[in-house]
1. If a residue must be under 21 Å from Ser4 (Cβ atoms) and either hydrophobic (A, V, I, L, M, F, W, C) or open to solvent by less than 40 Å² (accessible area, probe 1.4 Å) (or both), how many such residues does the stretch 150-188 contain?
2. Could you identify the single residue in Leu268, Leu250, Leu282, Leu243 that is touching a residue at least 12 places away in the same chain (Cβ under 8 Å), in a helix (DSSP H, G or I) and over 30 Å from Ile215 (Cβ atoms)?
3. How many residues are closer than 14 Å to Gly183 by Cα and not hydrophobic (A, V, I, L, M, F, W, C) when one looks only at the stretch 130-158?
4. In the stretch 1-23, how many are more than 15 Å from Pro97 (Cβ to Cβ) and open to solvent by 40 Å² or more (accessible area, probe 1.4 Å)?
5. Filter the stretch 24-45 for residues that are among the charged types (D, E, K, R), assigned to a loop (DSSP other than H, G, I, E, B) and over 16 Å from Val99 (Cβ atoms) and give the result.
6. Among Arg258, Arg193, which is the only one that is in contact with a Ser or Thr (Cβ under 9 Å, 6 or more places away or on another chain), among the basic types (Lys, Arg) and surrounded by 15 or more Cβ atoms within 10 Å (Cβ to Cβ)?
7. Specify which of the listed residues (Leu268, Leu295) is open to solvent by 50 Å² or more (accessible area, probe 1.4 Å), more than 21 Å from Tyr78 (Cβ to Cβ) and among the aliphatic types (A, V, I, L, M).
8. Tally up the residues in the stretch 196-246 that are touching a Leu at 6+ places or on another chain (Cβ under 8 Å), of a type in the set (A, V, I, L, M) and surrounded by 15 or more Cβ atoms within 10 Å (Cβ to Cβ), please.
Amino acid sequence: MTTSPQKLLLLDTPSLYFRAFYGVPESVTAPDGMPVNAVRGLIDMIAMLVREHSPGELVACMDADWRPAFRVAAIPSYKAHRLAADGGEEVPDTLAPQVPVIERVLDAAGIARVGVPGYEADDVMGTFTARARGPVDIVTGDRDMFQLVDDARPVRVLYTARGVKNLQIVDEAAVSARYGVPGRSYADFAVLRGDPSDGLPGVAGIGDKTAAALITRFGSLEALVTALDDGAGDLPAGQRAKLAAARDYLRAAPAVVRVAHDAPVPELDLSLPAAPRDPEALDALAERYGLRGPLKRLSAVL
C-alpha cells in the first residue's frame, strides 16, 4: 500500500517576522533588554500554523537577496523605495538584530531554513512548490504568491493580510472572485495593473477591471502583446494607445513578477523535526533571549 505524499507548509519568513515585529510590542525583551518581539512572535506563529494545519514537511523560506539583480535589470524601480542609504533594505533598527537570532533558533530547532543567493523567498517558495509531490500551503502576505494557486494539486495560499490568527485561505475560486482571473493568470494581471508596494508601475490608465478583462480576452500577457504588435485583436483606440506607450515595460515586467520555479534550491530533508537538531544550542538561546515559553509551545506541536 502506498502512502499519500505529506503536506508541505512553506513559510514566507521575512513577511512573517515583519508582521510579528509590528504585531508584538517592543516591550517584549530579552533579560538584557534587547527587544525580541519579532523572535517570540514568529516562534508562536510557527507553532500555531503547525498545530492548525498539520503539515508533514515545513520550510522557512528566506530572502538571500531581497532585491535580485535580474529583477532590478528588468525594472530599475523594483523595490527602490525600500533602499536604505547603504544600499541594503530599510529595516527597523530594533528588528535587524533579531533576524540572526531567528535564524539560529530555526537551525537549532531543526526546521529547514532555505535562502538562495540571488533569489528572494518568493523564488524559494516557487521552486519548492514546483518540486512538491503532494499538497502545498504557502503562508504569506504577498499577493504575488497567488500565481502559484492550483486546485488540482492542490496548492493554496494562507494569506496573512488579516493576521495569522485570521488567515484567508486563497484557492482558485478566491483568486477568480477577487480579481476576475484564475491563479495561473495572476502574474500577467499584476503586470498590467502594477503594484506600488514593489515599485511596479503597471500600465498607466489600466486598472483592475480592465487588466482582468484584457487577460481574460487574450488568455495571456504574451498573446496580448502579440496582438498589440500585429495590430490585431480589435483593441479600442484608447486601450491600444495606453498599451503601446508601455510596450517596453510589458516586455520587461514579467521577469519581475513571475516567481522562479527553478532556483538552485538544495535537496534537503523537509520533515518536521521530531526533536531539536541541537538541544543544547536551543536551550542556550531560550536562556539568553527569554524564549522558554514560546520554544516550549513550539516543541509541544513538533
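1. Summing the residues that are under 21 Å from Ser4 (Cβ atoms) and either hydrophobic (A, V, I, L, M, F, W, C) or open to solvent by less than 40 Å² (accessible area, probe 1.4 Å) (or both) in the stretch 150-188 gives 4.
2. Numbers: Leu268 fails: in a helix (DSSP H, G or I); Leu250 fails: over 30 Å from Ile215 (Cβ atoms); Leu243 fails: over 30 Å from Ile215 (Cβ atoms).
Leu282 is the lone residue from the list that is touching a residue at least 12 places away in the same chain (Cβ under 8 Å), in a helix (DSSP H, G or I) and over 30 Å from Ile215 (Cβ atoms).
3. Residues meeting the conditions: 9.
4. Qualifying residue count, the stretch 1-23: 10.
5. We begin by selecting, within the stretch 24-45, every residue among the charged types (D, E, K, R); these are 26, 32, 40, 44.
So of that shortlist, the ones also assigned to a loop (DSSP other than H, G, I, E, B) come out as 26, 32.
Of everything in the stretch 24-45, just one residue is among the charged types (D, E, K, R), assigned to a loop (DSSP other than H, G, I, E, B) and over 16 Å from Val99 (Cβ atoms), namely Asp32.
6. Values: Arg258 fails: in contact with a Ser or Thr (Cβ under 9 Å, 6 or more places away or on another chain).
Criteria check complete, one pass: Arg193.
7. Details: Leu295 fails: open to solvent by 50 Å² or more (accessible area, probe 1.4 Å).
Of the residues listed, the single one that is open to solvent by 50 Å² or more (accessible area, probe 1.4 Å), more than 21 Å from Tyr78 (Cβ to Cβ) and among the aliphatic types (A, V, I, L, M) is Leu268.
8. So the count comes out to 12.
The values are calculated or read from the model by the stated rules, or taken from the named source; none is laboratory data. Bear in mind the structure is a predicted one, so any value in this text is a computation, not a measurement. For neighbour counting, all protein chains shown are included, and Cβ atoms are generated from backbone atoms with ideal geometry for every residue, glycine included. Ligands, DNA and RNA are excluded from the accessible area calculation, which covers all protein heavy atoms including side chains. Shrake-Rupley method; radii C 1.70, N 1.55, O 1.52, S 1.80 Å.
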